[in-house]
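Engineer: Just dropping this structure here.
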Amino acid sequence: MLGRAVLAMMLGLMPALALAQSQGSPTFTNLRLNGTLTTPGAQITGTAAMGGPDGQAPTLAGTGYQIYARRYATGTASNGVNLSLLNVEGDTATVTGQNFLNVFAVQNSFGGSTVQGGRQGIQASVNQTAATNSSNGNRNYVGIYGAATSSSGDGGTDLTTGAKGAYFGMNPLCILNAGATNTLNCSAAEVNIAVKSGASTNYKSGIQIAQLPFDAVQGSSTDAAISISNQTGAVGWKNGILFGPQNVQAPLSGSGYILQSYGPGMGTVAITALGVIQTSNLAGTGTRALYADTAGTLTPTAPSGAPLQRVSTQTATLGSISSTTTLSDTPPTTSNTTLIPGLALSVTPKAAGNKLRVRVVLQGSTSTLAVITAALFQGSSAPAQNSGVSAVASNYVTCAGAGYVAQVVLTYDLTAGSTAPIYFGLGASQNSNGTLTINGTGGTRNFGGTTFSHIEVEEFAA
C-alpha cells in the first residue's frame, strides 16, 4: 500500500495543509510500475507510468487498486486548499480539427458473458458524518464541481456570425451507436434526490439555477435559464418538457403545480397539477384566468364555450317522500314535490351572457308501480318548500314497484342573464299514494351509503 504518501506527479497532492507523510522516504524519477509498489512514503517526480506486460494491470499491495492514495487533512488554512491537484500549468499544444485535448480522461471498455454489475466512469462523493464548527463560514458541500472560465475571449469580432468561443461548465452525453438496440434508457443526465424520513430541509429542488451576483450582461440573441434546441439533423422531441410516471410514479402531488412564478416584480402564474392556469397582475390584486385561443396563444379572454367554473353537491342521505305530482301539462311546483336536503346550491356567473348547464342525477325507488319525478327549481334565493314556485326543468321515469330502483337524469341549459348569484334546488315526487325512497329501497339504505344523488352547475363562456 502507498501508506500515507502521494504519487505527487500523477495525483498532484499538494501539502497545503499539515498532511502526514513519512520522513526519509525514497524518491523515484520517471518511474514505470509493472508490478506491486510496497515502499511506504514513496514519491515520484517526472513521468509516472503504471501498467503491466500484455495489458496486465499491476496491483498495489493489500488494496487491489491500481492507484491508491490515502491522505488525512488536518491543521488550519485561510485560503482555498486543493487536497489533490492535477495542474497543467502551461498549454500551448496544437490539436487540429474538431478534436479535444483532455486534461484528465477515464475510459472503461467492458462487455462479455462473464461481466456482471453496473459501471461508473467516475464516482465522486462527499459524506458528512458530524456537524461542522459553529464558526464555519462556508457550509456548501458539493460532490462534483465543473467550471469553464475565460479572461480573454477567443478572437470573436461581433455577437453574430463573428462570435467565437463556447464555454460549458459541464457537458453530459449519452450516445447509442448502431447495434445498441432494445435498450431501456438513454439520458445525458439523471438527477436523483431524497430527503429521508427523519431529515428536514428548507430548500429542495431537483435542479437549481441561480445567476451569480456579478452576472451583469444578458445574452445577445438567447438569454434563458433553460434553453432547449437541436443541432441540424436531429429527429426532434415528442415533448419539450414532460411530466408523467416514467419512473413508475407521477411527479406532482395533488396540490402541486406544473408551473408557478411568484415574488416581487413578478406576476403570479400557476398551472396546477390538474392543468388549471391561474394568474394575477404584478401588484397581486385580483386574479384572472388564461386561455389558449385557436392559434394556441394564451389570452385573458375566454373563447366561446370555454369552461369557466363548476359547482356541485351530492348526498347519500336516505330519504322518504310521500309528495305526489300528477302527470299533466303543468310544471311541478315546490308545493307538490319535496325539496331534497343536500341537493341545493348557488352559482355566481362571471358574465351575464355566459351559458350555464345544470345536471341532475336522482336515485329512487317506489313502494308500488309509479312514476318518479325530478323537478329543478331556480331563483334569486334558495327555493323554499310550499312556496308555489314552478320548476324550470323536470324529468321522470317509471319504477316497477317495491324492490325496484330507478334513476332520473335531468339536464338544463340557460343563459346567466346577470352576474348575481343564482340558486338551484331539486324536488322529487311520485304519482301514486305510495312512498318514494331516495338513495335506497323500501326505506332502507343500500351499499353502505355509497349510493349518491347529485346536482352540478357548469358555466361556459358566451
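The values are calculated or read from the model by the stated rules, or taken from the named source; none is laboratory data. Because the structure is a prediction, the values reported are computed rather than measured. Reconstructed Cβ throughout: ideal geometry from the backbone, glycine too, with neighbour counts over all protein chains shown.
Engineer: Exactly one of (1) surrounded by 10 or more Cβ atoms within 10 Å (Cβ to Cβ); (2) closer than 30 Å to A225 by Cα is unmet by T132. Its number?
Structural biologist: Evaluating T132 over (1) surrounded by 10 or more Cβ atoms within 10 Å (Cβ to Cβ); (2) closer than 30 Å to A225 by Cα leaves (2) as the failure.
Engineer: A further question follows. Which one of the conditions (1) farther than 28 Å from L85 by Cα; (2) under 28 Å from the mean Cα position of the chain (by Cα) does G169 fail to meet, given that it meets all the rest?
Structural biologist: (1)
Engineer: Next question, about the same structure. Going by the structure shown, is T373 touching a residue at least 60 places away in the same chain (Cβ under 8 Å) and β-branched (V, I, T)?
Structural biologist: It is false that T373 is touching a residue at least 60 places away in the same chain (Cβ under 8 Å) and β-branched (V, I, T).
Engineer: Additional query: Condition first: hydroxyl-bearing (S, T, Y), surrounded by fewer than 21 Cβ atoms within 10 Å (Cβ to Cβ) and closer than 21 Å to S322 by Cβ. Now tell me which residues in the range 368-389 satisfy that.
Structural biologist: T368, S387
Engineer: Still on this structure, please answer the following. Take P264 and decide whether it is modelled with pLDDT of 75 or more and not in a strand (DSSP E or B).
Structural biologist: When the stated conditions are applied, P264 does not pass them.
Engineer: Against the definition (at pLDDT 95 or above, within 40 Å of the chain's Cα centre (by Cα) and among the hydrophobic types (A, V, I, L, M, F, W, C)), how does A374 come out, yes or no?
Structural biologist: It is false that A374 is at pLDDT 95 or above, within 40 Å of the chain's Cα centre (by Cα) and among the hydrophobic types (A, V, I, L, M, F, W, C).
Engineer: Given the structure, is T299 among the β-branched types (V, I, T) and crowded, with 16+ Cβ neighbours inside 10 Å?
Structural biologist: no
Engineer: I've got another one for you. Out of (1) modelled with pLDDT of 90 or more; (2) farther than 30 Å from N140 by Cβ, the odd one out for G118 is which?
Structural biologist: Result: G118 fails condition (2) only.
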